[in-house]
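Here the structure comes first, spelled out in structure tokens, and everything after it is commentary.
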Amino acid sequence: MTKKVINQKGKLDDDLINTIEPNFVFTNKPINRFSTINNNHEDSNLSNKADLLIKLKKQMDSIENCSLKENSLNIVLGDGNINSPIMLIGEAPGIEEDKSGLTFKGKVGELLDKMLLAIKIKRKSIYCCYAINFRPPEDRKPTSQEIRRYSIFLKEHISIINPKMIILMGSSAMEAVTGINTKISSERGKWKETILKNKTYPVMISYNPSYLIRFPENKKYSWEDLKKIRQKINEMKIVI
């Protein structure tokens with residue numbers, strides 16, 4: 001005899017989507033940019049990673065003839081757990097990130113925290129960075145030329161962190177890593193692969209939190225992407 005299962009998934013999904021709202025709390029508590037957490041990731045040489053990241057940051061900061069750099073206060077490299085199996089890549093710093101030198105601050109950061117917690121991930125347990133490391137003027141979308149220029153550094157960044165999974169949030173991150181420059185709505189929610197230095201990384205494309213703040217009706221699609229990410233984590237037996 002088969003037990004009948006009552007499906008309440010639709011209601012639970014709606015409830016969770018409704019909780020991911022921009023009711024934000026601000027804090028001045030400092031963040032450790034290169035914190036490390038024991039999560040069984042197979043790379044114990046953390047000091048070497050930190051040294052390589054410092055070197056990469058110096059290379060980016062020495063770039064010449066870049067209007068992005070000339071109009072920014074700070075370079076935003078990345079922060080979080082450098083030994084994490086998950087690397088999350090956004091588009092570019094905004095005004096809050098440019099001031100602090102840290103990723104995903106203010107309202108965008110609060111929303112990202114809620115999105116990750118919805119699939120039982122604390123942001124401090126992953127590593128976050130951007131496709132572009134300087135704030136574009138007036139927070140405009142980076143050009144394809146700018147994306148290509150900084151993708152060289154981004155690919156090296158990925159190789160240093162060496163995650164087991166990459167989450168791309170926003171079309172600029174999608175273009176920088178995969179080379180795809182079509183509408184993100186046609187590419188999001190699909191697992192893809194990218195190969196760097198003979199290593200294959202599974203990649204999920206989704207909407208950027210800043211986009212979801214402007215267009216909250218798309219949160220339902222972002223939630224579908226988040227569930228796929230959680231499922232992949234479970235399938236790969238990733239401890240996070």
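The values are calculated or read from the model by the stated rules, or taken from the named source; none is laboratory data. Note that this is a predicted model, so its numbers are computed, not measured. Positions of Cβ are generated from backbone atoms using ideal geometry, with glycine treated the same way; all protein chains shown enter the neighbour counts.
Out of the residues in the stretch 47-99 meeting the condition of being polar (S, T, N, Q) and not in a loop (DSSP other than H, G, I, E, B), tell me which one is nearest to Pro137 (Cα to Cα).
By that ranking, first place goes to Ser67.
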Pairs, first without any contact (Cβ under 8 Å) to a residue 12 or more places away in the chain and farther than 16 Å from Lys105 by Cβ in the stretch 129-140, second among the hydroxyl-bearing types (Ser, Thr, Tyr) and in a strand (DSSP E or B), C-beta under 9 Å, six or more apart: none
Odd one out for Phe104 among (1) crowded, with 21+ Cβ neighbours inside 10 Å; (2) not in a loop (DSSP other than H, G, I, E, B): (2)
Residue count for the stretch 147-170, restricted to those that are under 21 Å from Glu187 (Cα atoms) and of a type in the set (Asp, Glu): 0
Subset of the stretch 179-235 (residues that are touching a Pro at 6+ places or on another chain (Cβ under 8 Å) and either among the hydrophobic types (A, V, I, L, M, F, W, C) or modelled with pLDDT under 95 (or both)): Trp191, Ile213
Search result, residues across the stretch 51-73 that are under 21 Å from the mean Cα position of the chain (by Cα) and among the aliphatic types (A, V, I, L, M): Leu52, Leu53, Ile54, Leu56, Met60, Leu68
Some residue of the stretch 151-171 being among the aliphatic types (A, V, I, L, M) and more than 25 Å from Arg123 (Cα to Cα): yes
Filter result (within 20 Å of Lys120 (Cβ to Cβ) and touching a helix residue (DSSP H, G or I) at 6+ places or on another chain (Cβ under 7 Å)) within the stretch 208-240: Pro209, Leu212, Lys219, Lys220, Ser222, Trp223, Leu226, Ile240
Search result, residues across the stretch 130-155 that are surrounded by fewer than 16 Cβ atoms within 10 Å (Cβ to Cβ), polar (S, T, N, Q) and outside any loop (DSSP other than H, G, I, E, B): Ser144, Gln145
